[in-house]
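Participant: I have a structure here, written as structure tokens, and I will follow up with some questions on it.
The values are calculated or read from the model by the stated rules, or taken from the named source; none is laboratory data. Only a predicted model underlies this, so the values are computations on that prediction, with no experimental measurement involved. Positions of Cβ are backbone-derived with ideal geometry, glycine not excepted, and every protein chain shown enters the neighbour counts.
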Amino acid sequence: MSIISRFAPSPTGFLHLGHAFSAWTAWSRADRFWLRLEDIDTTRCRGEFSAAILEDLAWLGLDWEPEVRVQSEHFAAYDAALRRLAQRGLLYPCFCSRAEILRAQAAPHGADAVYPGTCRHLGDAERAAKIAAGAPYALRLDMAAALRQAGPARQFFDETHGWTIAAPEPFGDVILARRDVPTSYHLCVVHDDALQGVTHVIRGEDLRAATHVHVLLQALLDLPTPVYAHHRLLTDAAGRRLAKRDQAATLRALREEGADPQDIRRQFEEGRIA
Ligand code: GLU
């Protein structure tokens with residue numbers, strides 16, 4: 001079976017060694033490899049970081065299919081997917097502010113795991129009135145209804161754990177379109193993996209939990225479910241996961257210091273990088 005995979009960074013900063021390891025892990029297994037820029041949050045993403053991502057990955061010696069998908073150019077496609085879920089009666093507008101959600105969670109009886117479901121219970125008239133009055137809102141997935149509709153058809157193959165039933169309940173009524181961004185990471189990633197024919201999603205362990213949401217969305221949107229592999233995360237000398245704050249580990253900084261990209265790839269291959 002030929003393997004189609006991808007690397008899908010958000011251009012909110014320069015790539016560090018952890019990203020490089022993720023990109024390399026997917027690239028080294030793929031017969032076809034896509035690069036996708038997940039830049040829907042146009043307030044945090046910057047063109048200069050997008051350009052740097054391409055440059056840094058090329059420096060590392062990776063190559064990819066000529067068409068780089070830039071998510072911010074495809075809001076209409078994500079909106080169509082959102083509408084399909086709305087037609088199934090699975091979305092509701094949530095008018096809560098972040099502060100309201102925190103307050104409700106702290107209340108003695110309202111403590112749900114994630115979102116307490118405040119706006120799930122609003123009546124149609126109340127919703128319509130708020131929208132007509134211009135109140136900003138997000139769109140949430142009614143998780144219980146979504147699970148009922150998807151039924152048992154939400155299995156996926158995880159290369160570490162084998163066949164697994166998606167259990168996204170801990171996410172609660174996850175947001176699928178934000179007040180300020182008309183879509184969400186979960187929706188776009190599922191849409192694009194299917195569009196690009198991705199057979200293997202190979203990404204960091206930090207996204208293992210999100211996979212459960214993605215598999216549920218695939219079931220609801222009639223999209224194929226790829227195989228999932230979640231690789232270990234690189235850490236710094238103190239054992240902390242590498243993050244964008246670790247300027248020293250950016251590919252940029254390494255390049256400026258005269259690091260040899262071939263040597264970095266060899267270290268990945270031999271498991272010599274922590
Ligand atoms: N865009 C996501 C990130 O930057 C990764 C998406 C994915 O690999 O599924 O963390």
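Participant: Looking only at segment 29-43, count every residue that is surrounded by fewer than 18 Cβ atoms within 10 Å (Cβ to Cβ), assigned to a loop (DSSP other than H, G, I, E, B) and modelled with pLDDT of 95 or more and tell me the total.
Facilitator: Total meeting the criteria: 1.
Conditions tested, residue by residue: (1) in contact (Cβ under 8 Å) with a residue 40 or more places away in the chain; (2) assigned to a loop (DSSP other than H, G, I, E, B); (3) more than 10 Å from the ligand (Cβ to nearest atom).
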position: Trp163; (1), (2), (3): no, no, yes
position: Pro170; (1), (2), (3): yes, no, yes
position: Arg179; (1), (2), (3): yes, yes, yes
position: Thr183; (1), (2), (3): yes, yes, yes
position: Arg203; (1), (2), (3): yes, no, no
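Participant: Here's a follow-up. Give Gln105, Gln149 a once-over and let me know the one that is without any contact (Cβ under 8 Å) to a residue 24 or more places away in the chain and surrounded by fewer than 18 Cβ atoms within 10 Å (Cβ to Cβ).
Facilitator: Gln105
Participant: Which residue out of Ser50, Ser22 is within 13 Å of the ligand (Cβ to nearest atom), touching a Leu at 6+ places or on another chain (Cβ under 9 Å) and over 16 Å from Ile202 (Cα atoms)?
Facilitator: Just a single option satisfies the conditions, and that option is Ser50.
Participant: On the basis of being in contact (Cβ under 8 Å) with a residue 24 or more places away in the chain, under 23 Å from Leu139 (Cβ atoms) and more than 11 Å from the ligand (Cβ to nearest atom), does Asp79 make the cut?
Facilitator: yes
Yes/no matrix, rows are residues, columns are (1) within 19 Å of the chain's Cα centre (by Cα); (2) of a type outside the set (Val, Ile, Thr):
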| residue | (1), (2) |
| --- | --- |
| Gly89 | no, yes |
| Pro93 | no, yes |
| Ser97 | no, yes |
| Ala106 | no, yes |
| Val114 | yes, no |
| Thr118 | no, no |
| Ala128 | no, yes |
| Tyr137 | no, yes |
| Phe157 | yes, yes |
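Participant: Out of all the residues in segment 210-227, is one or more touching a Pro at 6+ places or on another chain (Cβ under 6 Å), over 21 Å from Cys94 (Cα atoms) and away from the ligand (no atom under 11 Å from the Cβ)?
Facilitator: Yes, segment 210-227 has at least one match.
Participant: Cβ-Cβ distance below 8 Å, separation of 6 or more or different chains: which pairs start in segment 29-42 with a residue that is within 9 Å of the ligand (Cβ to nearest atom) and end on one that is of a type in the set (Lys, Arg) and not in a loop (DSSP other than H, G, I, E, B)?
Facilitator: Correct list of pairs: Arg36/Arg6; Arg36/Arg69; Leu37/Arg69.
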